[in-house]
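None of the figures in this text is laboratory data; all of them are computed from the coordinates on show. Computed from a predicted structure; not experimentally measured. All Cβ positions, glycine included, derive from the backbone under ideal geometry; neighbour counts span all protein chains shown.
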Amino acid sequence: MITTSFRLRGSLAALALLALAGCHDPTSVQSSELAARRARWVAHGLTSYEYDYMLTGFFIQFAGHRIHLVVRDGAVQTATDLTTGQVLAVSPQRWPTIDDLFDDAQRAADSGSLSRVLFDGTLDYPAEIDIAGPPDASGAVFATGLAALP
């Protein structure tokens, strides 16, 4: 259920459900590709890292903003809007880890709303996830510049 205070983390899953009508059937190729890439991502063993996150579309407050996320021990610790330089007042746990992005992409694939996913060539994480659906449930998620942290 989407409410005015829905969590950013997992928001793609909710939006993908809205996009079900009129979308193509999910393909096993997307699911198998996601599973293979997730296994390779997990094999890298990264639990502390930073990356830049951006949404386009979806009519979400932060759409179009590049948000720098710092993840430690598998949990987002800080979220900074790179346009303003301000640490965001939204709870860091509301932002997605790379594992959450894999989950969102899988839910979109399962619902038939995943139109494309592109992966980082080195670390195998989803660098772009495109969701097809009505205007308020369509858009893309971008994850760039991922770097391991000590």
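Here are the numbers for this structure:
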read-out	value
Total formal charge among the other residues, if their Cβ is under 9 angstrom from that of I67, Lys/Arg +1 and Asp/Glu -1	-1
Net +/- balance of residues flanking R38 in space, Cβ distance below 10 Å, scoring K and R +1, D and E -1	-2
Under 12 Å, Cβ to Cβ, from A108 - net charge with Lys/Arg +1 and Asp/Glu -1	-2
